[in-house]
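The values are calculated or read from the model by the stated rules, or taken from the named source; none is laboratory data. Since the structure is predicted, the reported quantities are computational estimates derived from the model, not experimental observations. With ideal geometry, Cβ positions are generated from the backbone for all residues, glycine too; neighbour counts draw on all protein chains shown. The protein model used for the area step is the full one, side chains on, heavy atoms only, and it has no ligands, DNA or RNA in it. Shrake-Rupley method; radii C 1.70, N 1.55, O 1.52, S 1.80 Å.
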Amino acid sequence: MRIARQLRSSYRVATLQRSRPVVSALSLSPSLSLSGSRPQLHAKSPLSPPYSVNGQRYIMSGAAVDAGASGSAGQAGGSKIIDGTAIAKSIRSDISHAINELQKKEATFHSPHLVILQLGSSSASATYIRMKLKAAEESGMTVKHIQIPSDAESGDAKGTGVRKVLDQVRKVNSDDKVSGILVQLPLEGAGKEDEKMVVDSVDVKKDVDGFHPENIGLLSSRIGTPYFVPCTPAGVLRLIESTGFNLAGSNVVVLGRSDIVGTPVCALLRKKDATVTQCHSRTKDLQAIVKKADVVVAAIGQAEFVKGDWLKEGAIVIDVGTNYIPDDTKKSGQRLVGDVDFASASPVASHITPVPGGVGPMTVAMLMHNTFEAAKRQWSVGRDRKLVPLPLKMLEKVPSDIEIAVAQTPKPVADIAYEIGVQADEVESYGKYKAKIELSVLERLSHRQDGKYIVVAGITPTPLGEGKSTTTIGLAQALGAHLGKVAIACVRQPSQGPTFGVKGGAAGGGYAQVIPMTEFNLHLTGDIHAVTAANNLLAAAIDARMFHEYTQKDKALYDRLVPKKKGVRTFARPMLARLKKLGIQKTNPDDLTEEEASKFARLDIDPATITWNRVLDVNDRYLRKITVGQAATEKGFSRDTAFDIAVASEVMAVLALSKDLADMRARLGRMVIGSSKAGDPITAEDIGCAGAMAVLMKDAIKPTLMQTLEGTPVFVHAGPFANIAHGNSSIIADRIALKLAGIEKGDNPERNGYVITEAGFGADIGMEKFCNIKTRVSGLNPNAVVLVATVRALKMHGGGPAVTPGKVLDQVYSTENLELLEKGCANLGKHIENAKKFGLKVVVAVNQFSNDTPAELELVQKYALQAGADYAVPANHWAKGGEGAKDLAEAVIQACEDPSEGFKFLYDLNQPLVKKIEIIAKEMYGADGIKLSAEAEAEVERYEKQGYGGLPICMAKTALSLSDDPSKKGVPTGFTLPITNVRLSAGASFVYPLVGDMSTMPGLTTRPGYYDVDLNPETGEIEGLF
């Protein structure tokens, strides 16, 4: 153990006299393929593969100096000195040159970064660390030295220092900027088990010391190769090779059996086809065994153990030992010697390493070599982002959605995360096939440029929907599984109301779905339940606050809000925010005057102005109007209110529009629930429960990672209604996806990935809100819009019979009718015109149904192009998966590359609310103007007075027509848009005018979808979901 401890902590980099040039400096020109996850050993050298990146080879040429050249190798009694110091210097120089050359060719390759962790402040360890820092600088690398006080130094409990080291290891393991990790041993005050635990915790791909059990184990294995070879054994082999000696078939004796020198050296030599005998101090007839050796490697830990008369004439001697013996001639009273008696061995050996100046410098040089290898591998793997598609077995007769979904076996979600570059500690699994993604990925990838951003919208739909979700998923499958691009779909989480109602789920359809679709369409990771809980907590708090204000006088109310605890009053955090809002600059509850205390405690909510309803994720028409407070305990204080469906809650809109946790907390606090009787807005912060709501939402803010049928990634996050709210998935999901799909500055643009996000309902609603609301908040500008159209919907807009859920479609929708179709194409033309008003590239996707004829598809394509679309492509992803959307995907790629006039908003936020409403009505819907009811006018006046006039507009309108009347198809004209009411979502930061009678709680039809949904009691499988 003595030699092991010495080697792990105290390799010295000592320089011999300058008169000793290198015998044969190391030529680093081996071969390593960076395409795989692990280096492959090359026949020429198991240690130093060529640096090949994108077909470009970077060879670290040796700086060998012939023994016969000017300044020949130093002699030691007949043997040649192998100058490790000079060879190591050559290696460092070559590494620095290779890094510079690679950076010239690849702008995204950054200098290797090594982290050295030290526990304690041992002067010996500090010396060795300084040597490594200097070597790294000479090699063109950066180093960070993290020093943690030992328990003895800090006075902490035993084991605290080791825990801190482990914490640091975990951090640097997951840090993309760190190429290699070195734990400086020994760990001061730690035992052997602690040291092993720390070494084992280092990521094997960053274990540049080569001490990880996996690296040590694979070194001796024939079934695999290690990521790294321990530095000292690697240096030993380099020193032998520098002599020009051919190891194949030679006899080599290794003295020493430690796991970090002796045993690894034996493994390396065997890979060079040497015949290796491993000995130790108790080996019998040791002298006789050594006498037969062509090469002797001494790492036995005993000073001058090997004598010259033990050696075969002309043997090569590599002395790994570092031992101190007494020497009165030295100032320190001791001198450093090896395991070989240099004086007697040098006349016999052909080549010999000195101590110091032999193996020691090479150990540090090979550490630099390993760190460079780690950096290249990490860079290459980080660029690969190779998706492994799932094979999709398609049938000519397309089965039901659920039959297709359950027939496919998804990949583990951890695999999906790895393929797109999400690290293990950023994945929070919810079962095997879905996981939350930590927001910390945004900070880690902040240096990346965003990928291409595509929004999927549609024409004015039939009540059956036109396949935006299916097209979003099909396009992602085509880009990712068939064209080899990084492609991430971002979709909303579906509400269980429509899932059990008429529309069904929202996982896509046919061979373009999110899987597992049963989990996707039901509880998923509980985000909607969290929204429901947070919303209803606020609703309960509002009624409770009003009750307590009704039933208590000012002083009693204040005393109960700010009670004494152990004789001391303190304000809670939300109370401080209310004090600031009221202009009361006091923080001690006892300092408030009676008037201030009354003003603080009494919100004086006007019940008639309350806009906050309770929510439930079920279609329940009987909750559209209810009365609360009928129990005798409420003392007659009742009021009329209602339930909304959960996804119509402003909390859901806040979730979708939040940029981070702090932003969500602030938005929840800003939500206005009504006004005081004096006309002042009352917020959730005033009520005092915004912080508690944020706690309920802390996990919901993380997007959920799932996958498509073909194994491409999907982010599912948030599900705001597209009529009452803005109808788009979350900003956070889009931001994370764009970073994962993006590239670094200077990278090849062809490596850019694509993020496909869906906007709800027709483009007049979902796309308009995406552009005017979501992009204003996020700062993310789309590269293109995909407009989904169907022959069925266009025929309806051309005057075809009504399309009604649950009823058989008229025959006109299953037979060719070009006249009807051409008339209906005007609706498509209007949506293309609308998209162009935002400066967007437009790709029309004709979502192909089985009854569509080639002539019908061609007509739609031609019309779309004549109407101003940049591309128009039929897509048959429902029946053929990603393969059926390849043409669409190629059109999207091209649209993102084409020059663009630049994204622009439809209106200026500084315009009055009524003006902004009018612009949307005229420009998007084709209305002649707007007409506000008296109630709507009063609300507009109140909101502008309260300071909300600068917010964007979120129109609450039917999706079934461009007008307010769902029966008016095509492109209605000559109508005035009625605004019946105007409401405020201050937390989501928009004002939403209600166009006509808008319901926020859907009802169930006579024959809802839940009739078809059941559980198979034998298999436990869900049946009938669609």
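Here are the numbers for this structure:
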| item | result |
| --- | --- |
| Selection within region 830-848 - part of a helix (DSSP H, G or I) and not charged (D, E, K, R) | H831, I832, N834, A835 |
| Condition met for Y907 (within 20 Å of V982 (Cα to Cα) and not polar (S, T, N, Q)) | yes |
| Sole exception among (1) open to solvent by less than 20 Å² (accessible area, probe 1.4 Å); (2) within 24 Å of W612 (Cα to Cα); (3) aliphatic (A, V, I, L, M) for L977, by number | (2) |
| Conditions (1) in contact with a His (Cβ under 8 Å, 6 or more places away or on another chain); (2) under 30 Å from R667 (Cβ atoms); (3) buried (at least 21 other Cβ atoms within 10 Å of the Cβ); number of the one not met by G510 | (2) |
| Some residue of region 596-612 being surrounded by 21 or more Cβ atoms within 10 Å (Cβ to Cβ) and under 36 Å from the mean Cα position of the chain (by Cα) | yes |
| Qualifying positions in region 351-384 - open to solvent by 30 Å² or more (accessible area, probe 1.4 Å) and charged (D, E, K, R) | R383, D384 |
| Boolean, F905 is over 30 Å from E710 (Cβ atoms), part of a loop (DSSP other than H, G, I, E, B), in contact with a Cys (Cβ under 9 Å, 6 or more places away or on another chain) and open to solvent by 60 Å² or more (accessible area, probe 1.4 Å) | yes |
| Strands (runs of 3 or more DSSP E) fully within region 912-1026 counting 1 or more residues that are within 27 Å of E466 (Cβ to Cβ) | 976-985, 990-995 |
| Tally, over region 395-425, of residues that are over 20 Å from T518 (Cα atoms) and in contact (Cβ under 8 Å) with a residue 60 or more places away in the chain | 8 |
| Restricting region 230-264 to residues that are β-branched (V, I, T) and either in a helix (DSSP H, G or I) or open to solvent by less than 10 Å² (accessible area, probe 1.4 Å) (or both), the residue that is farthest from P186 (Cα to Cα) | V252 |
| In region 908-923, the residues that are hydrophobic (A, V, I, L, M, F, W, C) and surrounded by fewer than 16 Cβ atoms within 10 Å (Cβ to Cβ) | L909 |
| Cross-chain or 6+ apart pairs with Cβ under 8 Å, region 830-855 first and open to solvent by less than 20 Å² (accessible area, probe 1.4 Å), then aromatic (F, W, Y) | F838/F903; F838/F905; G839/F903; L840/F903; V842/Y871; V843/Y871; V844/Y871; N847/W878 |
| Any chance K411 is over 30 Å from G262 (Cβ atoms), open to solvent by less than 70 Å² (accessible area, probe 1.4 Å) and in contact with a Ser or Thr (Cβ under 7 Å, 6 or more places away or on another chain) | no |
| Answer residue from region 83-122, given it is of a type in the set (S, T, N, Q) and assigned to a loop (DSSP other than H, G, I, E, B) and is nearest to E137 (Cα to Cα) among those | S111 |
| Test result for I289, in contact with a strand residue (DSSP E or B) (Cβ under 7 Å, 6 or more places away or on another chain) and in a loop (DSSP other than H, G, I, E, B) | no |
| Filtered residues of region 629-646 (kept if over 17 Å from G674 (Cα atoms) and among the aliphatic types (A, V, I, L, M)) | A631, A632, I645, A646 |
| Options D644, D663: the member that is acidic (D, E) and either in contact with a strand residue (DSSP E or B) (Cβ under 9 Å, 6 or more places away or on another chain) or farther than 11 Å from A988 by Cα (or both) | D644 |
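One line per residue, one yes/no per condition, for (1) surrounded by fewer than 19 Cβ atoms within 10 Å (Cβ to Cβ); (2) in contact with a Lys or Arg (Cβ under 7 Å, 6 or more places away or on another chain):
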site: Y925; (1), (2): no, no
site: I930; (1), (2): no, no
site: E941; (1), (2): yes, no
site: G949; (1), (2): yes, no
site: S967; (1), (2): yes, no
site: T973; (1), (2): yes, no
site: S985; (1), (2): no, no
site: G996; (1), (2): yes, no
site: G1003; (1), (2): yes, yes
